[in-house]
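Since every read-out is calculated from the coordinates, none of them should be taken as a lab result. Fair warning: this is a prediction, and the values are worked out from it, not measured in the lab. As a convention, Cβ positions derive from the backbone with ideal geometry for all residues, glycine included, and neighbour counts pool all protein chains shown.
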Amino acid sequence: MVCFLNNASFTRIGTTPYYYLRQAISEGQHTVNGDSALTAYVYGFNNDDSYGYPASGASVAPIALPVAFGDITATKVDKNVVNVVWNTILEQNNSKFVLERSIDAVNFNEIATIIAKGNSNTPTKYNYIDQKALSAINYYRIKQIDNDGKYSYSTVIAVDMNESSRELNVYPNIVEDKANLSFLSNGSKDMTLEIIDMNGRVVFTKQYNDLNQEQNNLNIDLGFLASGSYFVKLNLQTENLFKKFIKK
């Protein structure tokens, strides 16, 4: 059993570390203990959508949850390239994740296996860069597998590879020491620049607070990078821009 603690589905109750799932399932509301115990209980619910103590006949025995998920996102970073990122809040006896992709949100194919941290009571970030995304709407889901072989699926997320966005240009195409970036900020004054390697690790970060309101041209020193392929990511106030480049 897996509990997905995404911000869209849960609301914190009071000051204690509990989350309330708005979708009423089975006999009532489900609250998930947000601390290291990581157990779930079934609660009764009233007509006014308020929460209460266990309903008559409801099962209140704790259910061990192997993984508590945070946000799951899929972002287009280049032509046919998608960065899928997910976070876990807690993990217990978690073996691995299998990333699956589909073009119809019904029939999914496995595209990657990522070894899990296993046991952790601190947030952990995972990601996979899909370099063979289809020129269509790509649907992704994550299959979480326990050490005993039991598994559950995440919610399905989607990214439209045909959706156009403002372009980020990086030149020269093969960078030796310095790279030139050209882009439109579209009103954003603040920005965080990140250099990401092909394993999804952020290897360089720089903050900007004085962007031009429209066209911007930046020159950054990347001589410290090892040879290989990278992505540059611009975190603007209105959107994120990506571009792949090669370091000589």
Long-range amide H partners of M161, meaning residues 5 or more apart or on another chain whose placed amide H is closer than 5 Å, are A136, I137, N138
Straight-line reach check, K117, cutoff 19 Å on alpha carbons, 8 or more apart in-chain or any other chain, hits among aspartates and glutamates -> D35, D71, E91, D146, D148
Excluding residues fewer than 8 positions from K206 in its own chain, the lysines with Cα under 21 Å of it are K125, K178, K189, K233, K243, K244, K247
Given a Förster distance of 51 Å, the FRET efficiency implied by the Cβ-Cβ spacing of T122 and N219, rounded to the nearest 0.05, works out to 0.85
Expected vector for region 192-208, Karplus 3J(HN,Hα) from phi with 6.51, -1.76, 1.60 and θ = phi - 60°, integer Hz, x for Gly and Pro, equals 10, 9, 10, 10, 10, 7, 6, 9, x, 8, 7, 9, 7, 9, 8, 9, 10
